[in-house]
Every structure is written in C-alpha cells, then in structure tokens.
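Chemist: First the structure, which I've put down as structure tokens, then a few questions once you've had a look.
Where a number appears in this text, it was derived from the coordinates with a stated rule and is not lab data. Fair warning: this is a prediction, and the values are worked out from it, not measured in the lab. No Cβ is skipped: glycine too gets one built from the backbone with ideal geometry, and neighbour counts run over all protein chains shown.
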Amino acid sequence: MQAPNDKHGNIVGVGTRVRLIGLTGQWLEDLPADEKSAVLSMVGEVFEVEEIDEYGQAWVRKSWSDSQGGTCNSHSIGLAAHEMEVVNDTAA
C-alpha cells in the first residue's frame, strides 16, 4: 500500500502531525447531534496520526473528559487527503 498524502501532496505516515481542515461524508450526517458537535469541534485542531489503514486513511483521535460525570469520550476519525494538511512545526 502506498502512503497517503495530504491535500497538498505531502506524504502522511504514523506520527505525522496534521491539521484537520474539514470533514465530509454521510457518516457525519448520520451522527447524533451531540456527537456531531463534538466531532466538528476537531476541525482546525492538530493531531498526530496514530494509524494508516488498508484504505490509505490516516486515523486521528481526540478524547474529552467530563470531570463532573467522571467519564471520558473519544472519537477516532479516518481522514482523506482533502480533509488534512501536514503541519510543519519544527521551527518552534
């Protein structure tokens, strides 16, 4: 399998930091409203790619803790090239 690319053609691999720039697909429309709101809050944030699946999607994850309820929720999302861009933050 060939490594996936971001929207600019940059190669993406496990450990690559990417900015989630948008989400598309029927799966998003099918989410319950509260879940959809949480997932959409990920747009614009930077994540480290945790996995590349057999379809060439780069998977990222975010967790939210509810300190009052004592719970934690998370979402993993497989990103297509047009949904991410590599972040070069080595100049810090």
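Chemist: Which distance in nm do the two modelled labels at Ser74 and Leu23 give, with both placed 7 Å along the Cα-to-Cβ direction?
Modeler: With each label placed 7 Å out from Cα toward Cβ, I get 1.6 nm.
Chemist: Compute and list, largest first, the equivalent-ellipsoid semi-axes of the range 17-86 from the alpha carbon gyration tensor, each √(5λ) rounded to a whole angstrom.
Modeler: On the way: eigenvalues 90, 41, 25 Å².
One finds semi-axes of 21, 14, 11 Å for the range 17-86.
Chemist: Which length gain, in nm to one decimal place, applies between Ser65 and Ser37 when the Cα-Cα distance is subtracted from 0.36 nm times their residue separation?
Modeler: Numbers: separation 28, 0.36 × 28 = 10.08 nm, distance 1.52 nm.
Working it through step by step, the gained length comes to 8.6 nm.
Chemist: What does the net charge come to around Glu35 if you take all other residues with beta carbon closer than 13 Å to its beta carbon, with K and R at +1 and D and E at -1?
Modeler: -1
Chemist: Excluding His82 itself, calculate the net charge of residues whose Cβ lies under 9 Å from the Cβ of His82, where each Lys or Arg counts +1 and each Asp or Glu counts -1.
Modeler: -1
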